[in-house]
Amino acid sequence: MRSGLVGGVASLVVVAASCTDLPNEPTTPAAPRTVSVSPVAMQGGNGKTSLELVEDDYSGGALDKQNANVYREAALSDTTQLPAKYRSSVIGKDATYSLVQMAREWSSLSKSTQQRILDLRAKGLGNLSQTFETPHFVLHYTTIGKPTTDRTSIGLVFARTPPKTELRSSALINGNLHIPAGAPDHRVDAEMTFNRDVTLWGMLPHTHVRGKRWIYEVTYPDGGKATILSVPRYDFEWQTDYIFKQPLKLPKGTTLHATAWYDNSPTNRSNPDPRQDVWWGDQTWEEMMFTGLTYSIDPVAVAGAQ
């Protein structure tokens with residue numbers, strides 16, 4: 001057994017049945033690119049992004065689930081792989097809906113469809129900078145029955161020199177969660193396998209008010225196992241990033257398994273309604289099983305290098 005490093009084992013797409021890999025991203029930061037649109041990209045559009053065109057046809061029945069998910073990935077990774085009608089020059093703001101739907105539907109896709117998606121994903125979501133505005137932020141609001149205002153601000157600190165290590169973010173989720181009414185200790189799992197050597201810097205566990213505890217375990221390619229983080233008393237009102245005192249080296253082929261438990265019983269005083277079954281949703285009375293990951297891609301060793 002390997003010992004797990006926990007910045008205090010304290011006491012953290014797309015995914016139980018929706019298992020996804022981190023993309024094969026470049027080993028060095030990409031140089032800034034100027035947005036350019038090829039002539040073929042102008043064939044589709046009609047004022048909508050490629051993802052919106054795909055979602056419209058899928059919801060309207062013109063696309064089956066298998067092709068819709070491949071086209072979703074192509075819209076993010078390589079638009080040249082899309083049929084001409086879905087190639088758009090329109091710049092979108094948010095891919096969250098499509099990414100969550102892909103995670104939810106992963107387990108129902110055929111093995112051949114899953115492989116087509118992973119092959120596209122190996123391109124590293126390289127199309128994002130050309131098809132989406134960046135940065136963008138998503139805020140979740142709940143109506144209260146009367147007009148109100150909100151003043152949100154964000155502060156940015158810019159480095160004076162280029163960073164030595166580019167940190168990236170990804171998420172491990174189970175969008176298929178279902179918590180039965182009244183269940184006091186319901187378990188939900190999610191799992192992913194890293195297809196690159198990575199360094200894991202931190203983790204953020206996130207559920208809503210029924211979440212009660214988390215545990216994270218890794219299985220290394222040689223079969224060794226370690227618990228890297230345990231959150232035995234998760235509190236929705238006190239969520240935090242867990243930053244490792246010593247970043248974790250996770251070689252290619254390492255599997256990360258997340259387990260969360262939920263209290264949907266009447267004894268949970270924060271429970272909106274223990275009589276209701278609960279599924280994934282943005283609102284606080286719904287639930288999530290989400291882990292944010294902060295990581296970096298380890299450089300690939302060059303053969304013959306001294």
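The values are calculated or read from the model by the stated rules, or taken from the named source; none is laboratory data. Small disclaimer: the values here were computed from a predicted structure and weren't measured. Glycine gets a Cβ as well: all are built from the backbone with ideal geometry, and neighbour counts include every protein chain shown.
Remarks
- Any hit, the stretch 264-277, residues being assigned by TED's automatic domain parsing to the domain that holds T219, at pLDDT 95 or above and in a strand (DSSP E or B): no
- L99 vs. criteria assigned to a helix (DSSP H, G or I), at pLDDT below 90 and out of contact with any strand residue (DSSP E or B) (no Cβ under 6 Å at 6 or more places or on another chain): yes
- Evaluated against (1) buried (at least 17 other Cβ atoms within 10 Å of the Cβ); (2) among the aliphatic types (A, V, I, L, M); (3) closer than 14 Å to L293 by Cβ, A260 falls short on exactly one condition, (3).
- Selection status of V231, crowded, with 18+ Cβ neighbours inside 10 Å, within 22 Å of V300 (Cα to Cα) and of a type in the set (A, V, I, L, M): no
- Evaluation of T219 against the conditions (1) among the hydroxyl-bearing types (S, T, Y); (2) within 30 Å of H140 (Cβ to Cβ); (3) surrounded by 13 or more Cβ atoms within 10 Å (Cβ to Cβ) shows that the sole unmet condition is (2).
- Within the stretch 217-232, the set of residues being touching a Ser or Thr at 6+ places or on another chain (Cβ under 7 Å), of a type outside the set (G, A, S) and under 20 Å from I243 (Cβ atoms) comprises E217, V218, P232.
- Enumerated strands (runs of 3 or more DSSP E) restricted to the stretch 154-222, each holding at least 1 residues that are outside the structural domain of T96 (by TED's automatic domain parsing), under 25 Å from S107 (Cα atoms) and out of contact with any Gly (no Cβ under 9 Å at 6 or more places or on another chain): 168-173, 186-193, 211-219
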